[in-house]
Each structure stands twice: as C-alpha cells, then as structure tokens.
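Inspection log for the structure reproduced underneath, given as structure tokens.
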Amino acid sequence: MALPNINPTTTPSWKKLNAHFNDVKDLHMKDLFAKDGDRANKFTIKWDDFYVDFSKNRITEETFKYLLELAEDVKLKDAIESQFSGEIINKTEGRAVLHTALRAPESYSVKVDGDNVMPEVYKVKRKIEAFTNEVVSGNLKGYTGKAFTDIVNIGIGGSDLGPAMVVEALQFYKNHLTTHFVSNVDGDHVNEVIKKLNPETTLFVVVSKTFTTQETLSNANTLKAWFLKHASESDIAKHFVAVSTNIESVKNFGINPKNIFPMWDWVGGRFSLWSAVGLSISLAVGYQNFDNLLKGANKMDEHFKNEEFSSNIPVVLALISIWYNNFFKAESEAVIGYSQYLNQFATYLQQGIMESNGKSIDRSGNPIDYETGTLIWGEPGTNSQHAFFQLIHQGTKLIPADFIGFTKSLHGNQDHQDKLTSNFLAQTEALLNGKTKAEVVAEGTKEDIIPFKIFQGNKPTNTIFINKLTPESLGKLIAMYEHKIFVQGIIWNIFSYDQFGVELGKQLASNILQEFNNSVVNNHDSSTQNLLNFYKENS
C-alpha cells in the first residue's frame, strides 16, 4: 500500500479551516483565556514525564476540531501504519523509512522485502556495545599500548549533526573520553581539531554510508596523513573504525573489516543517530546511556503510533504548525531550549525539518501551490532573550515558538534553576499578554516614549516541560520532532525522505574543482566566472 496521495487543499477540513481562519484570525488569545477558565487544561497533554501546554496558541476548540479532521482527511492513520510496517514510503528512492526499527524491542518483527530486520539491528547493537565497553574500559589500546583518551567523529550532515547534538546534550553523562567532531571540508576546521590530539591515544570514527562523501573522505585522509607521520600503515587498523556500507573502500583505506559497523538504506542520514552512526554517542556516554536514548525514542514511537490524535503530542504539534504555516503564512518557527545542554538542538532540527519538508513537488509529481516546510531557528534561553527575542516580541513577523524546559537541573543548583525557569515561564506569558498602552502609562512612561513600549502580545508558543534531561527524555524529545516532520509531510502530500535538492550543488562543486586541478574550462555565468578568476588569482 502506497502513501495516500491527497492534495490537502481539496479536503473538506481544509475548506472549513479556510472559512474559519477568516473568523478567528484577529482574535486575541487573552480574550480566549478570559472566556474559558478551563482553556489551559483543555489544551494540555500530560504523558509520561512530558507536560505539553499548547493553550497559548491562536486556536479555538473549533480550530482544533477542524485540524483533527484534516489529519483524518489525509488518511494519517494509514500513513503511520505504512511507515511502521516497513512499506516503501520513500518512493522516489525506493526505500522503506524505518529509523523506528532501530529503537524497537528485539521481540518486534519489522519486515523489509519480506525479511525481519530486527535480528540484524540487534546484532549491530551488540557489536556497538562490545566495542564501546572495550574502548571505555581501556582494554582496547592504540599502537603504543596506551588506552584511548579522545574520539574523533568524521562525518557530515546526519553523520555529524545528530551525534554532535546528542553528545553535547548529554555532557552531564559523559565518561573520561573527549569527543571531537570534524565535518566541514574547511581545512582550518580539521587542523584546529588536530592541535588537540595525541596520535597514540586517539580513535577515529569515519561515518559515511557510501564512503564517497567528499567532505568526509577529505577530512579522513587528512587525519590519516597526520596519523601516519607518527605511526605506520599497519597501525591504522588499531585507530580507525568505519560506519559504512562500502566494505571494499573501507578496507582499502586500511580499516580492519572487524571494525566496520554496517548501515541500511532504509535509514535516512538525518534520522540515523539511532544506528551505528551513533557509535560516537555510545563511546562518549557509555552504551547503557545510548541504549536508554533509544528506549526513550521507542516510548515516543509507541505513543505516536497508538495515541488518539487529539492527545498525540507529535500530531498536535504538527497540526498547529500547519495552522500557522498555511493559514497565517508564518514562515519560520523558533525552538528555544531552556538548557545550555540543548545548545545544538535547533541546528540539528534544521536539517531534520528543512531537508525533509523543503519540497515543492507533491507525491503525484506535480508543482505545489501551497506553502510547505518551515524555517527553523533558535538558541538556548536565556541567551536568546538577549539576542533575537526583540523580533519575536515587537517585530512585524508572526513567529510561533516551542519552549522546552526541565523542572529539575542536573547539577542541583536550585537558585540558578529557579531563575532559569522564571524566565522560561515569563517569556511565554509576555508573548501571550503583551503590554497595553494603559499599562505603559501606569508605569509613568514619558508621553513620547509610550508607543515604543507597547507590546501587542498574541504571539503563539508551545511549552514542553520535561522532568529532567536524561538520555531517555532526550530520546523522546528527538523522536517527537521526527514524527512531527512525518505528519507535516503527509499533510502536505510530499515525500519527506529524499533530498535531491542537496545534490545539484555537489555536482557543480565537482566540476569547479576539476577546473582548479586540471585547467579544464567549463561554461559558467559571468558572475561565477569572475569569482573563479578572482579565487585563482588570489589563492
């Protein structure tokens, strides 16, 4: 069964939403709260250690009803079943989409082309566990007999962003190993990392499904050349491991076949941190914490698969996002984590969301005449309050925002946590209520300054309160956004799991590189030609 192929704008619910939007678009959320003392309870989902308050949105019960009807009209339930059962929903690449299988219990049966993939998934998990334990314990040693102190993850895109984000987010749980990430083909990046390394005690993890990615191989070869200044070719096998499907190329690089961790084509790069791509996570925080991350994601998977849409966290968040994107024409969403540990979370989501749903062709191959995709951005609070919150509060753009906070700190400093949480709660309240002219006047503001201190308010937010930042809760949070991506892609009638838009620039870069190396001359527009000439003259 293929994914449903339904233009959302032709559905009865979309037409209802269009008419309804004209009735409610100018409502102020303050008035909605004033009219309904139970509003916050009606628009809150309590699940496990998550408390999700979506009451501070420009929606009424009628809006919510129509949005839920939209989920039914596009046959979302059937689509969810198709994904979890291993059907080829990534039709343009002929692949299943089964990152959920990577975190499912071993007893599950998930079939791809008739074969249950779970035995292979758990075989790799056990290999990750055994290797992690050997490295962390110091039993596995480098070429001079010293235990490893540093791990270098070499990858880009999904082979970098996910592991880097999780290792940063779980710093509290890290062991004695120091983890570095090399991604950019910028030589200054890799050389700055090299300055921190000792070749005798560094383990390199090369992550590339095809083992052909230009940036990753360039960095891997640079690090290999540096390593060989201190060691011999035979020592490569002790210091380099690979996550890849291209066994021949990996062996040719000098990596021991025993140290190749496989990948599968039914796992997309930006959803691959749950696989052997997460080896660096396991090494950084220990296998048990890595496994707890997966278990948390599986709990969210079960919630998403089985919960009624009205209390299904990823579904509700996706529907609200559709409401702003397609009806209010809000182009971006901010993700604000009130934890410094979530420093890279918005960056990680940028790839997941914008690479997945940045599409302008529907599942029939036709151009789309409605908005898809959202621009994602954000930084941790409270830093972001002193940076871009001015735009959200008083700018001309409508920017819905997700606020993510934790009731408990990890280091236990209650004074800091109270101050952090007071800001977390105050910002969503301020965005809701704003400040009226009467309130500004009552503060004794000078007449000519009054207009500048008025806040319209009515700025929408979701508040995601979680008890504590643990590997399990982080797994739930990441999976929540993954499923939100899926729901939006289904509603927009697009294929979320290819990324052909990434390829063109790579192809042209390859052509230009040939010009640098071989004096080949290709045809370019005059601007590109001038820039090429400038580079050649000055490099």
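The values are calculated or read from the model by the stated rules, or taken from the named source; none is laboratory data. Note that the structure is predicted; figures quoted are calculated from it, not measured. Here the Cβ is made from the backbone with ideal geometry for all residues, glycine too, and neighbour counts use every protein chain on show.
Under the condition of being among the aliphatic types (A, V, I, L, M) and closer than 16 Å to residue 54 by Cβ, the residues counted in the stretch 272-322 number 8.
Picking from residues in the stretch 341-369 that are assigned to a loop (DSSP other than H, G, I, E, B) and touching a Phe, Trp or Tyr at 6+ places or on another chain (Cβ under 9 Å), the one that is nearest to residue 473 (Cα to Cα) is 359.
For the condition surrounded by 14 or more Cβ atoms within 10 Å (Cβ to Cβ), at pLDDT below 95 and charged (D, E, K, R), residue 209 qualifies.
Tell me, which residue of the stretch 389-412 that is in contact (Cβ under 8 Å) with a residue 12 or more places away in the chain and in a loop (DSSP other than H, G, I, E, B) is surrounded by the fewest Cβ atoms within 10 Å (Cβ to Cβ)?
So, considering only residues that are in contact (Cβ under 8 Å) with a residue 12 or more places away in the chain and in a loop (DSSP other than H, G, I, E, B), the one surrounded by the fewest Cβ atoms within 10 Å (Cβ to Cβ) is 411.
Consider the stretch 426-452 and keep the residues that are part of a helix (DSSP H, G or I) and acidic (Asp, Glu). The one that is nearest to residue 31 (Cα to Cα) is 429.
Residue by residue through the stretch 414-440, note down the ones that are more than 19 Å from residue 391 (Cα to Cα) and either surrounded by fewer than 13 Cβ atoms within 10 Å (Cβ to Cβ) or in contact with a Ser or Thr (Cβ under 8 Å, 6 or more places away or on another chain) (or both).
Listed by number, the residues that qualify are 414, 415, 416, 417, 418, 419, 420, 421, 422, 437, 438.
For the criterion of being under 24 Å from residue 125 (Cα atoms) and either in contact (Cβ under 8 Å) with a residue 24 or more places away in the chain or acidic (Asp, Glu) (or both), residue 278 passes. A single member of 459, 506, 468 is in a helix (DSSP H, G or I) and charged (D, E, K, R), and it is 506.
What number of residues within the stretch 310-319 satisfy the criterion of being touching a helix residue (DSSP H, G or I) at 6+ places or on another chain (Cβ under 8 Å) and more than 18 Å from residue 354 (Cβ to Cβ)?
Looking only at the stretch 310-319, we keep the residues that are touching a helix residue (DSSP H, G or I) at 6+ places or on another chain (Cβ under 8 Å), and these are 310, 312-319.
Applying the additional criterion that residues be more than 18 Å from residue 354 (Cβ to Cβ) yields 310, 312-313, 315-316, 319.
Qualifying residue count, the stretch 310-319: 6.
Residues that are part of a loop (DSSP other than H, G, I, E, B) and either surrounded by 23 or more Cβ atoms within 10 Å (Cβ to Cβ) or of a type in the set (A, V, I, L, M) (or both) are absent from the stretch 222-230 altogether. Across the stretch 242-284, the qualifying residues are those that are part of a loop (DSSP other than H, G, I, E, B) and of a type in the set (Val, Ile, Thr), and the one among them that is surrounded by the fewest Cβ atoms within 10 Å (Cβ to Cβ) is 245. For the stretch 486-504, the candidate set comprises residues that are among the hydrophobic types (A, V, I, L, M, F, W, C) and at pLDDT below 95; within that set, the residue that is surrounded by the most Cβ atoms within 10 Å (Cβ to Cβ) is 502. Pairs are defined by a Cβ separation below 6 Å, a sequence spacing of at least 6 or placement on different chains, a first member in the stretch 195-215 that is assigned to a loop (DSSP other than H, G, I, E, B), and a second member that is buried (at least 18 other Cβ atoms within 10 Å of the Cβ); the pairs so defined are 208/216; 208/244; 209/263; 211/244; 211/250. So in the stretch 451-485, with the set limited to residues that are of a type in the set (Lys, Arg) and over 16 Å from the mean Cα position of the chain (by Cα), which one is surrounded by the most Cβ atoms within 10 Å (Cβ to Cβ)? Selected residue: 459. So is residue 57 crowded, with 20+ Cβ neighbours inside 10 Å, at pLDDT 95 or above and either touching a helix residue (DSSP H, G or I) at 6+ places or on another chain (Cβ under 9 Å) or within 19 Å of residue 266 (Cα to Cα) (or both) or not? Spelling it out, residue 57 is indeed crowded, with 20+ Cβ neighbours inside 10 Å, at pLDDT 95 or above and either touching a helix residue (DSSP H, G or I) at 6+ places or on another chain (Cβ under 9 Å) or within 19 Å of residue 266 (Cα to Cα) (or both). Within the stretch 84-95, can one find any residue that is part of a helix (DSSP H, G or I), over 18 Å from residue 481 (Cα atoms), modelled with pLDDT under 95 and among the basic types (Lys, Arg)? Yes, there is a match, as at least one residue in the stretch 84-95 is part of a helix (DSSP H, G or I), over 18 Å from residue 481 (Cα atoms), modelled with pLDDT under 95 and among the basic types (Lys, Arg).
A residue that is part of a loop (DSSP other than H, G, I, E, B), under 19 Å from residue 348 (Cα atoms) and β-branched (Val, Ile, Thr) can be found somewhere in the stretch 373-388. For residue 25, the requirement of being assigned by TED's automatic domain parsing to the domain that holds residue 480, loosely packed, with under 14 Cβ neighbours inside 10 Å and among the basic types (Lys, Arg) is met.
Could you list all residues from the stretch 1-54 that are part of a strand (DSSP E or B) and either out of contact with any Phe, Trp or Tyr (no Cβ under 8 Å at 6 or more places or on another chain) or basic (Lys, Arg) (or both)?
Narrowing the stretch 1-54 to residues part of a strand (DSSP E or B): 44-47, 50-53.
If the condition is that a residue be part of a strand (DSSP E or B) and either out of contact with any Phe, Trp or Tyr (no Cβ under 8 Å at 6 or more places or on another chain) or basic (Lys, Arg) (or both), then 46, 47 are the ones that fit.
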